[in-house]
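J.: Right, I'll just put the structure down here and ask away after.
The values are calculated or read from the model by the stated rules, or taken from the named source; none is laboratory data. Everything numeric here is computed off the predicted structure, so don't read it as measured data. Please note: Cβ atoms are built from the backbone with ideal geometry, for glycine as well, and neighbour counts cover all protein chains shown. Keep in mind that these areas ignore ligands, DNA and RNA; they rest on the heavy atoms of the full protein, side chains included. Shrake-Rupley method; radii C 1.70, N 1.55, O 1.52, S 1.80 Å.
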Amino acid sequence: MKKIGIYLTFIAIGNLSFAQLPFDKIIEAGAADAETYLQGYMEPAFVGFGLGFNSGWYNTAKPHKLFGFDITAGVSLAEIPDENKFFTFDNADYTSMQLTNGNTAQLPTFAGPNLNADDIAELTIPSTEDGVPDLRLSGITGIGIEENDVYPFESVFVPAPFAQIGIGLIKNTEVKLRIVPEQNIPGGHTFNSLGFGVMHDVKQWIPGMKLLPFDLSAFFAFNQFGSTFVIDENAGQTAELNLYGTTYQAIVSKKLAILTVYAGVGFMTSGSQFRVLGDYEAGPTVLTDPVDFSFETSSARANIGARLKLLILTVHAEYAIQTYNTLTVGLGVSVR
């Protein structure tokens, strides 16, 4: 069978990285088993990217004055917990694919170690053709990024770059926009994103509170991202990734000369859907659109950060505690 490569793409403006997934190793087991395996293997990548993509919206609780604005770009790094570097393979969850020895085993996820074939549990896929032996293969290894000598961290992070603009409106309200029209990447890949946020000063509505020496705002944001990946253009084989996220937070900040410290607390949701489309050969069988699965995550969210402003230039960093804890750094210009 012709080798297939599926590429998971973490994309933002001018920023692209790929993780290759050898889809052909598991498609022989059929659509249902391939989907179940991929779901366990890819969960940290999709959940982490969704959480990171949903971060970095603000660096102060004070909205811009009327027609004031900022342009900010940065990257959020969602840290994958150690327990998500492996997933449990259970024979009971699969119709055809089975462990060669035993009923359950821990196999690497996308974020797991780069193990050799001797260190990963062996899987067996029964043959459906007379005279053809059963297919034996090792579980798919992880990317093993922590094992790279030049990798500077002790944890695995999923990067999610972002760029946005904030504009001040009436009544101490600010809107934030993340708009990337559909972009074409060499190889036939495309991506687009659309997001908006609203920050509103709530101190103005509470008698006496406007005299207190800090800023307090309510914040809401919605973000979505879509991408297509060409697996084999001639065969009409593609993959689709769609993500969305929402954030609800109360934000407080205090300006100290050129330094602003800020914190937020609230709730977030994130979801993703991944589909493999087209016709694929699995032994004597042709599978059409064999993979379609999704993830949904929701949790409380708390973050703390600091921003340094020199004239109109801003630099900020924050750390958020959520499903996957997330570090965000950014650079921008801010006027009024």
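J.: Count, please, the residues in the stretch 99-111 that happen to be part of a loop (DSSP other than H, G, I, E, B) and under 13 Å from SER138 (Cβ atoms). Explain how you work it out, then say what you get.
T.: Step one: filter the stretch 99-111 for residues part of a loop (DSSP other than H, G, I, E, B), giving 100-103, 109-111.
Filter again for under 13 Å from SER138 (Cβ atoms), leaving 100-101.
Residues flagged as part of a loop (DSSP other than H, G, I, E, B) and under 13 Å from SER138 (Cβ atoms) within the stretch 99-111 amount to 2.
J.: Just wondering, is there one or more residues in the stretch 146-156 that are more than 26 Å from the chain's Cα centre (by Cα) and hydrophobic (A, V, I, L, M, F, W, C)?
T.: Initial filter on the stretch 146-156 (more than 26 Å from the chain's Cα centre (by Cα)): none.
For the stretch 146-156, residues more than 26 Å from the chain's Cα centre (by Cα) and hydrophobic (A, V, I, L, M, F, W, C): absent.
J.: Which residue is farthest from THR238 (Cα to Cα), if the candidates are limited to the stretch 273-284 and must be surrounded by 15 or more Cβ atoms within 10 Å (Cβ to Cβ) and of a type outside the set (Phe, Trp, Tyr)?
T.: If we take residues in the stretch 273-284 being surrounded by 15 or more Cβ atoms within 10 Å (Cβ to Cβ) and of a type outside the set (Phe, Trp, Tyr), then GLY283 is farthest from THR238 (Cα to Cα).
J.: Say we look at the stretch 213-230 and pick out the residues that are hydrophobic (A, V, I, L, M, F, W, C) and open to solvent by less than 60 Å² (accessible area, probe 1.4 Å); which of these is nearest to TYR262 (Cα to Cα)?
T.: Going through the stretch 213-230, the residues hydrophobic (A, V, I, L, M, F, W, C) turn out to be 214, 216, 218-222, 225, 229-230.
Right, trim to open to solvent by less than 60 Å² (accessible area, probe 1.4 Å) and you get 216, 218-219, 221-222, 225, 229-230.
Numbers: LEU216: 10, ALA218: 13, PHE219: 13, ALA221: 18, PHE222: 21, PHE225: 27, PHE229: 39, VAL230: 42 Å.
Among them, the one singled out is LEU216.
J.: Hey, could you check the stretch 38-83 for residues that are among the acidic types (Asp, Glu) and within 23 Å of ASN192 (Cα to Cα) and say which is surrounded by the fewest Cβ atoms within 10 Å (Cβ to Cβ)? Break it down into steps so the answer makes sense when it comes.
T.: Going residue by residue through the stretch 38-83, those that are among the acidic types (Asp, Glu) are 43, 70, 79, 82-83.
When the remaining residues are screened for being within 23 Å of ASN192 (Cα to Cα), the result is 43, 70.
Working: GLU43: 20, ASP70: 22.
Only one residue tops the list, namely GLU43.
J.: Something else: Which of the residues that make up the stretch 234-246 are over 22 Å from LYS176 (Cβ atoms) and open to solvent by less than 60 Å² (accessible area, probe 1.4 Å)?
T.: Looking only at the stretch 234-246, we keep the residues that are over 22 Å from LYS176 (Cβ atoms), and these are 234-241.
Listed by number, the residues that qualify are ALA235, GLY236, GLN237, THR238, ALA239, GLU240, LEU241.
J.: Among the numbered criteria (1) farther than 25 Å from ILE120 by Cβ; (2) hydrophobic (A, V, I, L, M, F, W, C); (3) modelled with pLDDT of 90 or more, which single criterion is violated by LEU16?
T.: So the condition that LEU16 fails would be (3).
J.: So, one more: Are there any pairs with C-beta distances below 9 angstrom linking a residue in the stretch 321-336 that is free of Cβ contacts under 8 Å to residues at least 60 places away in the same chain to a residue that is part of a strand (DSSP E or B) and among the charged types (D, E, K, R), with the two at least 6 apart or on different chains, and if so which?
T.: If the second residue must be part of a strand (DSSP E or B) and among the charged types (D, E, K, R), the pairs left are ILE321/ARG301.
J.: Give me the strands (runs of 3 or more DSSP E) completely within the stretch 112-188, filtered to those with at least 1 residues that are buried (at least 20 other Cβ atoms within 10 Å of the Cβ), ordered by residue number. Write out each step before concluding.
T.: Working: elements: 122-125, 135-138, 156-169, 173-185.
Ranges flagged: 122-125, 156-169, 173-185.
Every residue, every condition in (1) within 18 Å of the chain's Cα centre (by Cα); (2) open to solvent by less than 20 Å² (accessible area, probe 1.4 Å), yes or no:
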{"site": "ASP232", "(1), (2)": "no, no"}
{"site": "TYR248", "(1), (2)": "no, no"}
{"site": "VAL261", "(1), (2)": "no, no"}
{"site": "PHE267", "(1), (2)": "yes, no"}
{"site": "GLY271", "(1), (2)": "yes, yes"}
{"site": "VAL286", "(1), (2)": "no, no"}
{"site": "ASP289", "(1), (2)": "no, no"}
{"site": "ILE321", "(1), (2)": "yes, no"}
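J.: Okay, next question. Being touching a Lys or Arg at 6+ places or on another chain (Cβ under 8 Å) and open to solvent by less than 40 Å² (accessible area, probe 1.4 Å) is the filter here, so list the residues in the stretch 294-319 that pass it.
T.: Selection gives THR314, HIS316.
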